[in-house]
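All remarks here apply to the structure that follows.
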Amino acid sequence: MADREYDIVVWGASGFTGRLVAEYLTRRSKDLPNLRWAMAGRNHTKLEQIRSDLNADDIDILIADSHDTDSLTTLVQRARVIISTVGPYALYGSELVKACAAHGTDYCDLAGEVQWIREMINVADEPARESGARIVHCCGFDSVPFDMGVWVAQQNMQQAHGVFSKTVTGLMRRMKGSFSGGTFASMINMMEEASGSPSLRKALTNVGMLLPEPSRYISRPACESRVTWSVEGDTWTAPFVMTPINSRIVQRTNALLGSPWGEDFSYEEAVATGPGISGRTRAMAMLAGTGGFMLAAALKTTRKLLQRFLPEPGEGPDKLARESGYYRAEMIAHHPTKSDADIRVNVEGDMDPGYGSTSKILAECALCLALDDLKTPGGSWTPASAMGAALQTRLETHAGLRFTVKE
Ligand SMILES: NC(=O)c1ccc[n+]([C@@H]2O[C@H](COP(=O)([O-])OP(=O)(O)OC[C@H]3O[C@@H](n4cnc5c(N)ncnc54)[C@H](OP(=O)(O)O)[C@@H]3O)[C@@H](O)[C@H]2O)c1
């Protein structure tokens with residue numbers, strides 16, 4: 001694709017997260033003088049203002065609209081990789097994915113909307129295989145630290161013991177950060193769709209929902225819906241809001257790699273709230289809070305009320321909040337036969353998960369697709385199955401992530 005004008009185009013650079021990605025690429029391209037990238041969106045005035053704020057006068061601005069297929073076709077034909085931060089993806093993202101798949105343009109996004117990702121796999125996987133486009137969803141906090149965390153744990157299990165783990169547990173140990181208006185809009189849109197569709201509600205309970213053969217049903221572990229005690233983590237746990245997407249992506253990674261971790265591989269994930277009565281109380285409070293939000297988002301009357309109190313699209317945590325944020329997840333890969341040979345991997349991020357860290361992760365995924373010598377052919381991939389070791393190096397070298405292995 002040497003003939004393409006740009007290595008990377010940031011689609012949605014006027015939004016909260018897209019602007020952070022553009023800011024990161026402006027800084028990163030100082031070390032990459034040959035990198036050709038551009039900002040794209042539907043509003044020229046907003047994009048010009050961002051370009052001026054970033055002191056990035058040499059960066060081109062491209063205009064298109066999510067619902068104008070011709071403008072999207074022209075856009076994707078000019079780039080090797082499109083980064084999309086235009087969401088809710090279920091409302092604004094489908095035509096772009098189809099255009100990338102049809103025209104051999106690599107694509108990465110921040111979608112966490114599992115039902116929409118399923119739909120995109122159904123319509124884009126085949127054309128992407130034919131055109132050579134690598135389509136990679138979930139390239140932010142959901143699901144890169146978890147997808148890559150499991151992959152790193154499995155690589156280490158293989159190197160240390162010559163086997164793969166059949167069961168991995170992910171525990172969110174520490175986290176400081178908040179959500180943007182765009183993320184709330186995506187969550188609410190997903191709950192709205194699910195509340196009107198019993199078949200979608202049923203499909204969402206299938207941990208195998210993103211497998212190449214979606215009819216295979218994997219039931220949800222108890223920690224996805226209840227307060228549970230984790231023996232290996234020595235902690236009470238509450239359901240984690242990102243698990244419905246992370247666990248489905250991890251299962252798809254295993255399947256796309258040819259099921260090296262086993263056909264019956266299981267991945268459980270939850271928030272660790274600590275031991276004792278205080279840990280249990282925190283877990284119960286967290287469950288009640290998440291459940292209350294989901295219920296309010298699912299019901300038409302309370303949904304409207306909820307939207308009045310949430311940040312608007314385009315709003316999100318400020319620089320101080322992003323820079324004072326952090327997270328640490330622990331991946332516990334169980335040895336299939338020896339209980340004293342488990343592998344534990346800490347996955348740490350140096351900024352708030354949703355925006356500071358996410359924008360760096362997403363940009364590095366795009367750089368990996370554009371510049372690294374990946375052997376991955378066209379199709380609909382997950383971050384770990386498409387980029388594995390090359391992405392790990394980029395995340396640790398540039399994006400402030402650390403994968404620390406303890407045996
Ligand atoms: N997975 C993660 O870890 C993670 C983290 C952060 C965000 N996200 C997801 O990323 C998405 C964006 O979040 P955000 O907070 O950045 O949202 P946002 O600030 O509302 O930005 C949305 C962007 O979409 C653009 N847009 C809307 N309709 C469009 C159309 N018809 N044509 C072209 N562009 C259009 C907006 O352009 P205008 O400026 O012209 O309105 C804006 O650039 C959401 O789906 C969110 O859930 C995921």
For 39, 284, what's the fewest-to-most ordering of other Cβ within 10 Å of each Cβ?
284, 39
If each residue's Cβ is checked for other Cβ atoms within 10 Å, how do 207, 250, 136 rank with the fewest at the top?
207, 136, 250
Suppose we take every Cα in the stretch 155-217 and form the convex hull; what volume per residue is that in Å³?
165
Give me the log10 of I(q) over I(0) for the stretch 278-355 at q = 0.21, 0.26 Å⁻¹, as the Debye formula computes it from C-alpha points; what are the numbers?
-1.08, -1.08
Suppose each label sits 7 Å from its Cα in the direction of the beta carbon; what would the residue 397-residue 303 distance come out to in nanometres?
4.5
Give the span of the stretch 234-282's Cα atoms along each principal axis, as three whole-Å numbers ordered largest to smallest.
43, 19, 11
Per GNM of the chain with C-alpha springs under 10 angstrom, the most fluctuating residue out of 87, 314, 349 is 314
I'd like the Kirkwood hydrodynamic radius of the stretch 74-116, using the inverse of the mean 1/r over distinct C-alpha pairs, in Å.
10.5
Here D for the stretch 317-402, in µm²/s, from Stokes-Einstein with a Kirkwood Rh over Cα pairs at 37 °C and 0.692 mPa s, works out to 225
Compute the orientation-averaged projected area for the chain from the convex hull of its Cα atoms and round it to one decimal in nm².
19.1
Can you tell me what the convex hull of the Cα atoms of the stretch 87-200 projects to on average, as an area in nm²?
9.7
What angle do you read, to the nearest 10 degrees and between 0 and 90, between the alpha-carbon axis of helix 181-195 and the longest principal axis of the chain?
60
Can you give the angle from 0 to 90° between the axis of helix 243-256 and the longest principal axis of the chain, with both taken from C-alpha atoms, to the nearest 10?
80
Give me the lysines in straight-line cross-link reach of residue 360: C-alpha distance below 30 Å, same-chain residues under 8 apart excluded.
30, 46, 98, 176, 319, 375, 406
May I ask you to give the average projected area over all directions of the convex hull of the Cα atoms of the stretch 117-258, in nm² rounded to one decimal?
10.7
Using a Gaussian network model of the chain whose springs link C-alpha atoms within less than 10 Å, name the residue from 139, 368, 108 with the highest mean-square fluctuation.
368
Give the peptides 194-204, 356-366 in descending order of average Cβ contacts within 10 Å, highest first.
356-366, 194-204
So, counting K/R as plus one and D/E as minus one, what does the shell of residues with Cβ under 14 Å around residue 355 add up to?
-2
With residue 392 itself left out, Lys, Arg at +1 and Asp, Glu at -1 over residues whose Cβ is under 12 Å from its Cβ give -2
When Rg is the radius of gyration of the Cα atoms in the stretch 180-277 and Rh is its Kirkwood radius, what does Rg/Rh come to?
1.01
Taking 8 Å as the Cα distance limit and 6 or more residues as the minimum spacing, I'd like the relative contact order of the chain as a percentage.
21
Looking only at Cα atoms, what is the convex hull volume of the stretch 198-238 per residue, in Å³?
84
Grab the DSSP H runs of the chain that are 4 residues or longer, score each as -39,500 (n - 2.57), total them, divide by all residues and round the 222 nm result to the nearest 500 deg cm²/dmol.
-14500 deg cm²/dmol
For the stretch 49-142, what is the Kirkwood estimate of the hydrodynamic radius, computed as the reciprocal of the mean inverse distance between distinct Cα atoms, to one decimal in Å?
13.8
Stokes-Einstein D in µm²/s, Kirkwood radius over Cα pairs - the stretch 228-338 at 20 °C with 1.002 mPa s viscosity
124
Taking Cα atoms only, helix 114-131 is inclined relative to the longest principal axis of the chain by an angle, in degrees rounded to 10, of 60
Give me 381, 151 sorted ascending by neighbouring Cβ count inside 10 Å, so fewest comes first.
381, 151
Radius 13 Å from Cβ of residue 321, net charge of other residues (Lys, Arg +1; Asp, Glu -1)
-1
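No value in this document is a laboratory result; all are computed from the given coordinates. None of these values were measured; they are calculated from a predicted model. Counting neighbours? That spans all protein chains shown, and the Cβs are built from the backbone with ideal geometry, glycine included.
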